[in-house]
Amino acid sequence: MQLPRAVRHTIEQFEKLPGIGPKSAQRIVFYLLHHPQPYLEEFAQKLTQLKLQTQMCEQCHNVGEENPCEICSDVTRDQTSLMVVEQPFDILSIERSEKFHGLYHVLHGVIAPLNNIGPEQLFIYDLSKRLEGVDELILATNPTMEGEATALFIQELIQSSRGGKAPVKITRIGHGLPIGADIEYADGLTLARALEGRREM
């Protein structure tokens with residue numbers, strides 16, 4: 001049995017989304033088919049408005065409704081602390097922790113040579129322009145090979161701009177065992193990071 005052309009084409013579009021495979025794309029499309037036409041029209045309208053009603057902040061490269069964004073415009077935030085993250089949705093996660101009240105800088109990716117992504121494709125080089133008045137630069141890229149390489153590149157870039165000494169304190173977010181995890185199932189690198197990040201009680 002061959003699927004209708006409209007169904008096939010819609011499935012193909014959903015397959016292009018990150019984390020969506022052929023089976024997931026099929027489930028989503030058939031889920032949408034069960035909804036009435038007004039729901040689909042509203043869904044399509046929201047997608048169309050997604051780019052039209054958002055813009056990128058010129059300062060931190062976060063996505064928001066205004067430029068500069070809500071965070072950069074907030075004078076009550078700590079202007080001396082700047083956190084570097086990979087994606088805008090990382091900011092949402094960190095904000096939910098309610099532990100960080102400084103500013104952000106969004107890279108929109110990580111250095112990944114195998115995917116032909118270098119520093120030029122990211123918002124890395126303009127980071128040095130934002131360090132005036134900053135006391136601490138927090139590198140909060142993910143604990144992946146690419147995330148670690150990107151953090152190291154940023155550290156070396158900033159240090160080289162001042163003759164080998166960073167103009168600000170550069171820190172890296174701690175990585176270790178998540179709450180509720182068993183030590184026996186943790187890999188060596190995770191345990192090593194957990195030991196490095198230990199603190200006095």
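The values are calculated or read from the model by the stated rules, or taken from the named source; none is laboratory data. Since we're looking at a predicted model, the values are computed, not measured. Don't worry about glycine lacking a Cβ; one is built from the backbone with ideal geometry, like all the others, and counts go over all protein chains shown. Remember, those area values only see protein heavy atoms, side chains included, never the ligands or the DNA or RNA. Shrake-Rupley method; radii C 1.70, N 1.55, O 1.52, S 1.80 Å.
Per-structure values
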item: Over region 18-111, equivalent-ellipsoid semi-axes from the Cα gyration tensor in Å; result: 34, 17, 12
item: Order of exposure, largest accessible area first, which applies to 29, 63 with probe 1.4 Å; result: 63, 29
item: Loop trypsin sites (Lys or Arg not before Pro), region 94-147 (other Cβ atoms within 10 Å of the site Cβ: 10 or fewer; DSSP); result: 99
item: Segment residue 24-residue 114, length gained on full extension (0.36 nm per residue, minus Cα span); result: 29.8 nm
item: For the chain, cysteines whose Cβ has no other cysteine Cβ within reach (under 4.7 Å); result: 60, 72
item: Loop sites in region 101-154: GluC sites (Glu not before Pro), DSSP, at most 15 other Cβ within 10 Å; result: 132
item: Candidate lysines - alpha carbon under 25 Å from residue 23, same-chain residues fewer than 8 apart omitted; result: 46
item: Selection from 3, 101, 119 lying farthest towards where the dipole of the chain points positive, charges on Cβ; result: 3
item: Probe 1.4 Å, accessible area per residue of the chain, Å²; result: 71
item: On Cα atoms only, tilt of 22-33 relative to the major axis of the chain in degrees; result: 60
item: Interchain or long-range residues, amide H under 5 Å from residue 171's placed H; result: 137, 138, 139
item: Sulfur and carbon atoms: percent of accessible area, the chain [1.4 Å]; result: 55
item: Charged-residue dipole, Cβ positions (Lys, Arg, Asp, Glu), region 91-134 about Cα centre, Debye nearest 20; result: 80
item: Dimensionless Rg ratio for region 117-201, taking C-alpha atoms and the 2.2 N^0.38 Å reference; result: 1.30
item: Computed lengthening from residue 184 to residue 161, 0.36 nm per intervening residue step minus Cα-Cα distance; result: 4.0 nm
